[in-house]
Amino acid sequence: MKFVLVIVYLVLTTSGLIFMKLGGNPGTIAFKEGDIALSMNWISGIGLICYLCSFLLFTRIVVMFDLSYIFPIVTGIVQIISLVASKVIFKEELSIQAIIGASLVIVGIVIMNFKNTQITA
């Protein structure tokens, strides 16, 4: 169940980022006569809702896992998914530095998931 929540978090976070970028409207906040008005298009609104839900879910995930373990892993995975989405969905160009950086992130995630083993002589 814990890992299902992590997957849902990853989907919500990356969906939020993608929809915010697709909407192209960060929104505006206005304070008028004691009221707060928020204005954005519906695509950006979906992104905002996804991102807010992912934040709420992450507060639950942090309690379930060691922070020093889960935070670097989910952050790295979000970075990799965002990089792939930027290429596939938004047709952005990837530099060699971006590819090398993504490779290092992947290697780091793999290393973090190795079990600690002790070598005995």
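No lab work stands behind these numbers, since they all come straight from the coordinates. Note that the structure is predicted; figures quoted are calculated from it, not measured. As a convention, Cβ positions derive from the backbone with ideal geometry for all residues, glycine included, and neighbour counts pool all protein chains shown.
Before moving on, here are some points about what is shown:
- Rounded Å value of the spacing that divides the Cα centres of region 36-57 and region 71-103: 23 Å
- Working from Cα pairs under 8 Å separated by at least six residues, relative contact order for the chain is 25 percent.
- For the chain, projected area of the alpha-carbon convex hull averaged over all directions, nm²: 11.2 nm²
- Phi-derived couplings, Karplus 6.51 cos²θ - 1.76 cosθ + 1.60 at θ = phi - 60°, listed residue by residue for region 80-93: 5, 4, 5, 5, 5, 4, 5, 6, 6, 7, 9, 6, 7, 7 Hz, with x used for Gly and Pro.
- In the chain, the sites counted are trypsin sites (Lys or Arg not before Pro) in DSSP loop states with at most 10 other Cβ atoms within 10 Å, and the longest stretch holding none of them, exclusive of the sites, is 1-90.
- Region 2-112, dipole about Cα centre (Lys/Arg Cβ +1, Asp/Glu Cβ -1), debye to the nearest 20: 180 debye
- Working note: Karplus 6.51/-1.76/1.60 with θ = phi - 60° gives region 94-99 the couplings 9, 7, 4, 5, 5, 5 Hz, where Gly and Pro are set to x.
- For Phe65, residues with placed amide H under 5 Å, excluding near neighbours: none
- Restricting region 25-121 to chymotrypsin sites (Phe, Trp or Tyr not before Pro) that sit in a DSSP loop and have at most 11 other Cβ atoms within 10 Å of their own Cβ leaves Phe90, Phe114.
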